[in-house]
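Notes follow the structure.
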Amino acid sequence: LEIALRHSLERGEMSLAFQPVVDARAEGIVSFEALLRWNSAEHGFVSPAKFIPLAEDTRLIVPIGEWVLRQACAEAMNWPDHTRVAVNVSGEQLLDPNFASVVVSALSSTGLPARRLEIEVTESIFLRDDTASTATLERIIDLGCSVALDDFGTGYSSLGYLRRVQFSTIKVDRSFVQGACAGNRESLAIIRAVVAMAQSLEMSTTAEGVETAEEAALIRDLGCTKIQGYYFGRPMPANEAVALFRRNRAAGAAA
């Protein structure tokens, strides 16, 4: 699998899918999260849960991540100017001294304004070289990009780094969303606490894994500002993302 992964980019086996993130109130699309997919000639479709850890262990995530960043920025140029693209970045990428330069290059070569790029990281990046990761994130923020904290509350969960990095968004993990919708008191309390904390720090909150109208209504009532999940759209190819905007414009014109 590792040998196949090493040749995946040159063979054109990688692609991106885009999942919409909507405003919790208006339900309009505010961004798309770029999600990596691999259709290997030898192994067929390989789950990201299987090949992403392999890419990180072998540091293949660095060239693959650069390809994702450039491709995502290029695709975002086909969307309305207010729409952001979110790209997941691993700790290995942040430890690469050239990563901030790669971001600059991706933005300049595609023409995407920095304000339209959001970098998503997880709490695990702070378990390694905290100083280096923080410095890289600060450079990215200085460029005008935003940084989101993904899977909040499921890992390291030290609040200290929230003082050092100006996160724009905290993403509430789907396990808390599903727990809250099942009536779990702890999950409800955690979401309320995250929302209150984010508001005090002037951050937005995105609830992940919302699959029904009832879940969307509950998350909205709990105060989350953005929603992501199958209820509003599954990950889709780039051409379908563009078509989604066209349909919305056509519906608006008809109204």
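Summary table
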quantity	calculated
Hits in region 37-63 (condition: within 12 Å of Ser15 (Cβ to Cβ) and buried (at least 21 other Cβ atoms within 10 Å of the Cβ))	Trp38
Residues satisfying the stated conditions in region 99-131, i.e. assigned to a helix (DSSP H, G or I), among the β-branched types (Val, Ile, Thr) and within 17 Å of Val165 (Cα to Cα)	Ile125, Thr131
Any hit, region 132-147, residues being outside any helix (DSSP H, G or I), closer than 18 Å to Leu35 by Cβ, touching a residue at least 40 places away in the same chain (Cβ under 8 Å) and not small (Gly, Ala, Ser)	no
Residues being in a helix (DSSP H, G or I) and open to solvent by less than 10 Å² (accessible area, probe 1.4 Å) - total across region 196-233	3
Residue in region 68-76 that is open to solvent by 60 Å² or more (accessible area, probe 1.4 Å), under 26 Å from Arg174 (Cβ atoms) and in contact with a Leu (Cβ under 6 Å, 6 or more places away or on another chain) present	yes
Lone unmet requirement of (1) touching a Lys or Arg at 6+ places or on another chain (Cβ under 9 Å); (2) open to solvent by 30 Å² or more (accessible area, probe 1.4 Å) for Gln166	(1)
Matching entry among Arg234, Arg220, Arg192, Arg247 (being of a type in the set (Lys, Arg) and without any contact (Cβ under 8 Å) to a residue 24 or more places away in the chain)	Arg247
Residue list for region 82-98, filter: more than 17 Å from the chain's Cα centre (by Cα) and either part of a helix (DSSP H, G or I) or modelled with pLDDT of 95 or more (or both)	Leu95
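The values are calculated or read from the model by the stated rules, or taken from the named source; none is laboratory data. Treat the numbers as computed from the prediction; the structure is a model and nothing was measured. Virtual Cβ from ideal backbone geometry, glycine too; neighbours counted across all protein chains shown. We work out accessible area using only protein heavy atoms, side chains counted, and drop any ligands, DNA or RNA first. Shrake-Rupley method; radii C 1.70, N 1.55, O 1.52, S 1.80 Å.
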